[in-house]
Amino acid sequence: VTFYLALVLAWGIGAWMRSARAAEAERRGRIAEDARTAERTRIARELHDVVTHHVTAMVVQSEAARYLTAAPERLDATLAAVSDTGRRAITDLRHLLDLLQPDHGAAEPRTPAVGRVLTLVEQTRRAGQPVEFTEEGTPATATGSSDLVAYRVVQEALTNALNYDHGGRTSVRVSHGESAITVRVDSDGSGTGSASAGGSGRGLAGLRERVGVLGGEFSADRGPDGAFVVRARIPAGNGS
């Protein structure tokens with residue numbers, strides 16, 4: 001009897017260990033799949049942010065160039081802006097592709113900062129969008145991923161202004177506080193939609209999620225007169 005009890009006990013322990021190993025393998029598989037999904041989502045967001053903004057600017061500039069054949073100087077400036085935008089797109093895409101290489105290693109990440117918003121505004125102006133830019137306060141020396149998210153909010157809002165309110169008066173206000181970065185982008189709805197306008201809504205949805213992950217607030221609203229306002233409050237000092 002003792003022998004059979006020991007045999008049953010050994011079998012039970014073995015079955016429990018096999019079950020535990022299977023459960024652990026399943027848990028690790030879920031963790032790995034979640035990590036892959038999160039990485040794919042991050043890459044998709046970065047591709048959307050980089051490609052959509054630059055390509056939208058190039059399309060708008062190219063459409064404008066069609067009507068400038070009688071003004072060689074303005075045509076030359078517009079084509080130069082298209083080339084400049086294309087070079088920026090290539091640079092950003094190369095950086096993104098570098099991040100996907102297995103041997104990328106510990107190279108310093110090159111992420112856009114709020115301090116580069118003025119460059120973004122100037123690029124949008126060259127695409128024919130009148131943009132007023134105001135920056136208040138002093139950017140913090142260390143803001144974690146808040147800096148990048150604030151930049152992406154401005155980038156997406158200006159892309160939408162180019163697409164849906166081209167030529168309309170647009171304003172960008174960035175305020176640096178002790179505990180948060182506040183962004184507001186307004187377009188007055190007096191412009192026209194690009195012939196290529198039409199979006200999936202991924203950009204604004206992605207921004208809402210990004211800001212929410214950092215514990216911030218995000219809104220995007222259209223008024224009855226066609227005006228559109230994007231607001232974001234992003235807590236500063238969040239880690240990447």
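Worth pointing out:
- For the range 1-62, a/c is not less than 1.5, where a ≥ b ≥ c are the root eigenvalues of the C-alpha gyration tensor, and a/b tops b/c. That puts it in the prolate class.
- Every Cα-Cα pair in the range 2-235 was counted, and those over 22 Å apart are 61% of them.
- Multiplying the residue separation of Glu132 and Leu5 by 0.36 nm and subtracting their alpha-carbon distance yields 37.4 nm.
- Centre-to-centre separation between the Cα atoms of the range 1-42 and those of the range 145-189: 49 Å.
- Label-point gap, in nm, between Ile43 and Ser145 - each point 7 angstrom along Cα→Cβ: 1.7
- Karplus-based coupling profile of the range 207-221, in residue order and whole Hz: 5, 4, 5, 4, 5, x, 4, 8, x, x, 10, 9, 8, 9, 10, with θ = phi - 60° in 6.51 cos²θ - 1.76 cosθ + 1.60 and x standing for Gly or Pro.
- Estimated at 0.36 nm per residue, the fully extended path between Ala77 and Glu178 surpasses their Cα-Cα distance by 32.3 nm.
- Fully extending the segment from Glu209 to Asp98, taken as 0.36 nm per residue of separation minus the present Cα-Cα distance, adds 37.5 nm.
Bear in mind these aren't lab numbers, they're just calculated from the coordinates by the rules spelled out. A quick note: this is a predicted structure, and the numbers were derived from the prediction, not measured. Cβ atoms come from the backbone with ideal geometry, glycine included; neighbour counts cover every protein chain shown.
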